[in-house]
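Q: The structure's right below; bear with me while I get my questions together.
The values are calculated or read from the model by the stated rules, or taken from the named source; none is laboratory data. Small disclaimer: the values here were computed from a predicted structure and weren't measured. FYI the Cβ positions are ideal-geometry reconstructions off the backbone, even for glycines, and counts take in every protein chain you see. Just so you know, the surface numbers come from the protein's heavy atoms only, side chains and all, with ligands and any DNA or RNA stripped out. Shrake-Rupley method; radii C 1.70, N 1.55, O 1.52, S 1.80 Å.
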Amino acid sequence: MYYRFIKESTVVSPPKYIRDKEGYIVTVNNEAFPDSIDIDPVVNDRCEEDPLRYPKHHAGLMFSEKATFLPEKMVTNARQILSENDLICNTSFATDVTRFHEIVLRRQPPLDKSFIQERKQIIAKQLLEEKLAKSSGKLDELNEEKQKKILDGVTKVAEKIFNKTHHNWKEIKYSKRMVYVYMAARLTQNYSVLEQIFKEMQILDEGFQPYAILNVGSGLGTAVWAANRIWGKDIYEYYNVDTSSEMNNLAKKILATDNLNPNDLYINGVFFRQHVPSPQHVQNRFPLVVSAYLLMDLPSALDRINMIADLWELTENYLVLVEYGTTAGYRLIQEAKQFILQMKEEDPTFEGHVFSPCTHDALCPKLEFKKSPCTFSLKYRQLNIDKEYGQGDTINKERFSYVVLKKGPRKEKDIYPRLTEVHQKSGHSRCYMCCPDGTMRHFIFSKSRPSRNLYRCVRRCQAGDLIPIIWPHVKSADILPENRTYLNSREVTHLETASMNSRETTPSDFTEINLGETIDESSSESENISGDKIDFKHEESEKIK
């Protein structure tokens, strides 16, 4: 069969972009598949040998169409803990779990003090100008008493407007009941996501066998279960760090062999601590460092940057960062990625590169060209709390954002482009690909172009999978457009402003978020478990004009 192989001298033309009236890039245009690129020869040979079965399991498949099975011991222990506390088929508890889901999905990182003060001053200035314009007077012409009265009124109104138009971040305190809510809401999702990431790492780097894992923000210990399933007995130490003692105690109960021996853990070598080990000691280095769903809980950008720097210093090979699949979670992942990639400019010993999911170290082209964050979804089996065990599994989807960073420079090797979006049509597939040169491209695959074997492989792919074509080694600077920019100025300066403004601030006192029995989005107050009332501020993107 005729097919084309990539040559050393192959050059891929720059992608074509659609621009708006002002000349800014809106999206990447559809273009014909390059004649000089085709399926990986190794994959092609395997397809020729077994054209029916191999495309269903080709080398680029990372995500499974089926939900992964959870460890039986983990699920049994979790349900037993809930049953002992009369939380199975408990209506109020199920309401708290649902409420926690909604709180998590609309959560935003905390704003810096300098940004808050600056924004309030801008709002107060606008209000003052409007007030003086209506009265046709000047502030200097008034006496001190009237000036103070006007300024105080403007300040109070500016405070109310700011609170209504900006997210009010609050720290979540994990009490005894709260950890049960968290377990029912997030146990299976966290495990499924981490297992998927570890499985992908094992596929892309078969020689990597970690002997120890550092899990910061360990929570329920799901990283222990996921790593044990992927690497098994090769790991002899699981070092878990979580500031909540209640969370650590619950993680131990989930890992316990039985109720009679709570200290006898099902997996050996598991340790729990409340403080991150000091990166100053050389012996505190771990081949795999994991931090899942932690960055959103840190009180300031400075705390996030310091935590990322410590984690990277404690990393020997791989650092895995995971957040929720929201725009806010995606931005935190990008913040961490860009910070680590910039660290090597100041200190070459901290050099590293993006291992997954990005196939390059450039800015994310999907947010730039598709106006959407780069997130992935998978199917998982929900921990059922509204019915008895053995009555079937509930399959849901979880969306997440992650990055895997590896120490050292990027090696010159063949890298497959990653699918960020795919539309399977009759006779062809429309694919948006994140390419190793840092560009987003839109190609159409059909039976005749570029080849039948590649088309068969693409038909089995979903968002997050790799397309088995060898992309030529082209520098990102040689192919990127001149006005490479984000959609607005706030997106461009989000990372730099957050870290710079926070260096002179200190975390303030935060209140506890309590879960209420009902959620009323039209109201700013909700009743919590204890009967008190708290204020939930919803994020709004409206600008004060």
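Q: Gap in Å between the Cα centre of the range 454-474 and the Cα centre of the range 90-104?
A: 40 Å
Q: Moving to a separate point now. Just to verify a number: FRET efficiency for residue 95 and residue 278, C-beta to C-beta distance, R0 = 60 Å, to 0.05? Can you show the working numbers first?
A: Details: r = 42 Å, r/R0 = 0.71.
About 0.90, to the nearest 0.05.
Q: Here's something else I'd like to know. Just for the Cα atoms in the range 124-204, what are the lengths along the principal axes, largest first, rounded to whole Å?
A: For the range 124-204, the Cα spread along each principal axis is 73, 37, 17 Å.
Q: Please report, as a whole percent, how much of the solvent-accessible surface of the range 45-134 comes from carbon and sulfur atoms (probe radius 1.4 Å).
A: Carbon-and-sulfur percentage of accessible area, whole number: 52.
Q: Work out Dmax and Rg for the range 289-403 from the C-alpha atoms and quote the Rg first, both in angstrom.
A: Every Cα atom of the range 289-403 included, Rg and Dmax give 16.8, 57 Å.
Q: Right, something else. Using a probe radius of 1.4 Å on heavy atoms only, what accessible surface per residue do you get for the range 238-289? Whole Å² is fine.
A: Working: 2850 Å² over 52 residues.
Heavy-atom accessible area per residue stands at 55 Å².
Q: In addition: Would you work out what percent of the accessible area of the range 267-314, with all protein chains in place, is carbon or sulfur (probe 1.4 Å)? Numbers along the way, then the final one.
A: Numbers: 920 of 1900 Å².
Looking at the range 267-314 in its full context, I get 49 percent from C and S.
Q: To one decimal place, what orientation-averaged projected area in nm² is obtained for the convex hull of the Cα set of the range 37-153? Kindly include the intermediate steps, with their values, before the conclusion.
A: Details: hull surface 81.5 nm².
So the mean shadow area of the Cα hull is 20.4 nm².
Q: About its Cα centre, how strong a charge dipole does the range 99-189 have in debye, to the nearest 20, once Lys and Arg get +1 and Asp and Glu get -1 at the Cβ?
A: Values: 21 positive and 12 negative charges, 136 e Å.
Using only the charged Cβ atoms, the result is roughly 660 debye.
Q: Please list 417-424, 441-448, 281-288 highest first by mean number of surrounding beta-carbon atoms within 10 Å per residue.
A: Working: 417-424: 19.4, 441-448: 17.9, 281-288: 14.4.
In descending order of packing, they fall as 417-424, 441-448, 281-288.
Q: Shifting gears a bit: Please list 461-468, 163-170 highest first by mean number of surrounding beta-carbon atoms within 10 Å per residue. Please report the intermediate quantities before stating the final value.
A: Numbers: 461-468: 21.8, 163-170: 17.0.
With the highest mean Cβ count within 10 Å placed first, the list reads 461-468, 163-170.
Q: Bin width 5 Å, origin at 0, all Cα-Cα pairs of the range 346-457: what percent of pairs per bin?
A: 2, 9, 14, 16, 14, 14, 11, 8, 7, 4, 1, 0
Q: Rounded to the nearest percent, how much of the accessible area of the range 163-236 (1.4 Å probe, protein heavy atoms only) is carbon and sulfur? Write out the running numbers ahead of the final one.
A: Details: 1110 of 2420 Å².
C and S fraction of accessible area: 46 percent.
Q: Going by average Cβ density within 10 Å per residue, which order do the peptides 148-160, 178-190 take, highest to lowest? Before the final figure, lay out each step's value.
A: Details: 148-160: 14.0, 178-190: 23.2.
Going from most to least packed, we get 178-190, 148-160.
Q: Let me ask you something else. Using a probe radius of 1.4 Å on heavy atoms only, what accessible surface per residue do you get for the range 121-167? Whole Å² is fine.
A: Details: 3680 Å² over 47 residues.
Result: 78 Å² per residue.
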